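Let me begin by presenting the structure, written as C-alpha cells, before commenting on it.
The values are calculated or read from the model by the stated rules, or taken from the named source; none is laboratory data. Keep in mind it's a predicted model, so treat the numbers as computed, not measured. Virtual Cβ from ideal backbone geometry, glycine too; neighbours counted across all protein chains shown. Each accessible area value is taken on the protein alone, full model and side chains, heavy atoms only, with ligands, DNA and RNA left out. Shrake-Rupley method; radii C 1.70, N 1.55, O 1.52, S 1.80 Å.
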Amino acid sequence: MHNILTDDEIHAVKANVAERAAEFVAIADVIWDYAELGFAEVKSSKALASALKNHGFAVKWGIGGLPTAFVAERGSGGPTLGILGEFDALAEMSQAAGHTAEEAAEAGGSGYGCGHHLLGTAGALAAIVAADRLKATGTAGTVRYFGCPAEESLGGKAFMARAGAFDGLNAAFSWHPGPRSSGYLNLTRAFRQIRVRFRGVAAHAALAPHLGRSALDAAELMNIGANYLREHIGRDEHIHYAYMDAGGMAANVVQARAELAYIMRSETVADVIALSDRLRKVAEGAAMMTETTVTFEVEAGMSPCRPNLTLARMMHSLLERAGPPDFSAGDHEDAQRFADLRDDGNANAPLHSGIEPLPEDYRASMGSTDVGDVSMIVPMAQVWVASYASGTGFHTWQMVAQGKLGAAHRGMLKAAEVIAASVLASANHPEILAAATVEHRAHFGTAPYTCPIPNDVMPPLPKI
Ligand SMILES: [Zn+2]
C-alpha cells in the first residue's frame, strides 16, 4: 500500500482542502444550527447540494422517493467512486455550543449527538477536491456524492439502495467523527423496525367492561409473548420495544387503541426477516386473546455492514499518510474542559492526536447502520477521525456541545483529505478496485441485493 499516491498529490489534496476550509466549516456550522431531524433535513441537504452545484456537480433530488435524498455527480469515464454523506440530527438533544454544562440551546430541540453535520460536510468537500484533482491530473473517473437522510432513525440508505441508487459504483467511501482516529472494521447487525397497532372497542371500565375490547391489554400480552420469545431466539439476536401509545390517560376507559414499536437485530437480513415473522405471530396471538385487531408494519430495515478489507487497508494507509488532525493549542484547551468533566483516565490526553493501527480482524458490533446496505452492494470502506475530546460518548450532550469547536472542524477537514485521497488512489489504481471487487464477490456471491424493507413500504415522511 506504499506510494499509492505521490507525496506531491497528498500535498495537493491538503492544499485544496485548506483552500476551501472556511467555506465548508461555515456549512458545517450552519447545519449544526439547523439541527434537522431525519427526512426533514431540507435546509441541511440544500446547503450541501448547493455547494456541490457551485463546484460543478450535477444534482438529482428525491432518490428512492425521499425528498431530502440527493445524488451529485461530476467527472467522466473511469471508475465511478461514491462518497456517502449524512446530515440528520437527534431528537431532544439540543445543547448550547461550547458549554460544559447540560443546557439546551432550544428547549425540546434537536442536536448533533453523532456529528453528522461534520460527516456530510466532509464528504461534500472531499467530492469537490477529488473531482478537481482528477481534472487537474487528467485522470478518468466519476465522483458521485450521496446525500443520505435519516441515518439515525429509519435508515435512508436502505430505501435509496432499494431504488438502485448505489448500483454501478466501483467503490464507496465514508467516515465517522468520534473521539479517536482509526480504521473502521466494525461488523454491524441486520435491523428491522416494526410498528404494531392494536384496535379494540372503548367502553366504561366499570359500568360496561364486558362491552369493551382492550387494545392496551393486547399490547401488554404482546410484550409478555415477546419476553418468552426472547429465550428462543439466536444468542446474538435482540428484540427491543417501546410503547408509542398506551391508549390514553383515562384509567376508567377500556383503551380502544395501543401502539408499540419493535426493533429486531440479527446477523443476517434473512434472520431478521424470520425473527420478525415470528414476532408477527405473537402480535396475532395477542389480538386473538383480546378480540382486538392488529396491524403489523415494517417501517425500516438495514443490512449488516461489512467493510471491504482491501479498501479499508488502503484508506487506513491514506489516513496515516495524511496524518492526524492538525489540532491547535486552543483545541487541546477546549477538549481539556470536557475531559475535566470526567474521571476516566482521559484527562491527561484530552484529544487523540495519533492514529490507531488497523485492527487485525473485524470487530463485532451489536449496533446497526444503513451503511450496511451500501456495503452489501459495493466494496465500501470508512475511517474514524478524532473530532471530539477523548472519552466523549455518542448521543450525549457533550458531543453536541463540541460540534462547533476547532477540533470538530479540524477532524472534518482531515476526513475530507482522507476521503478525497481514497477516491484519487482508486481512480489511479484499477488493480486495487479489482481486488476489492474480487473480495466482495467472494464474500457476498453474485446474488442480487435483498432489501430488508418490503417493496411497498415507504417511511413515514414528515410534511415539509
Ligand atoms: Zn452516526
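Which one of the conditions (1) more than 21 Å from the chain's Cα centre (by Cα); (2) not in a strand (DSSP E or B) does C305 fail to meet, given that it meets all the rest? (1) is the only condition that C305 fails. If the condition is being within 30 Å of Y388 (Cα to Cα), crowded, with 20+ Cβ neighbours inside 10 Å and of a type outside the set (S, T, Y), then segment 163-184 contributes A171, A172, F173, W175, H176, P177, G178, P179, G183. Those helices (runs of 4 or more DSSP H) of segment 322-413 in which 2 or more residues are under 30 Å from A107 (Cα atoms) and within 16 Å of the ligand (Cβ to nearest atom) occupy 397-401. Considering only residues in segment 363-388 that are at pLDDT below 95 and of a type in the set (A, V, I, L, M, F, W, C), the one that is farthest from H316 (Cα to Cα) turns out to be M366. For G123, the stated conditions hold: it is assigned by TED's automatic domain parsing to the domain that holds G403, within 16 Å of the ligand (Cβ to nearest atom) and either surrounded by 24 or more Cβ atoms within 10 Å (Cβ to Cβ) or not hydrophobic (A, V, I, L, M, F, W, C) (or both). The set of residues in segment 81-108 that are away from the ligand (no atom under 13 Å from the Cβ) and open to solvent by less than 10 Å² (accessible area, probe 1.4 Å) comprises L81, G82, I83, Q95. Within the set M399, M380, M412, M376, the sole residue that is open to solvent by 10 Å² or more (accessible area, probe 1.4 Å), among the aliphatic types (A, V, I, L, M) and under 18 Å from the mean Cα position of the chain (by Cα) turns out to be M376. Selection of first residues in segment 53-80 that are farther than 21 Å from L154 by Cα and open to solvent by less than 20 Å² (accessible area, probe 1.4 Å) and of second residues that are among the aromatic types (F, W, Y) and outside any strand (DSSP E or B), restricted to Cβ pairs under 9 Å at least 6 apart or on distinct chains, gives the following pairs, ordered by first then second residue: A72/F57. Annotation note: of L433, L424, the sole residue that is open to solvent by 10 Å² or more (accessible area, probe 1.4 Å), farther than 22 Å from R189 by Cα, modelled with pLDDT of 95 or more and part of a helix (DSSP H, G or I) is L433.
Does R192 fit the bill of being open to solvent by 40 Å² or more (accessible area, probe 1.4 Å) and outside any helix (DSSP H, G or I)? Criteria not met by R192.
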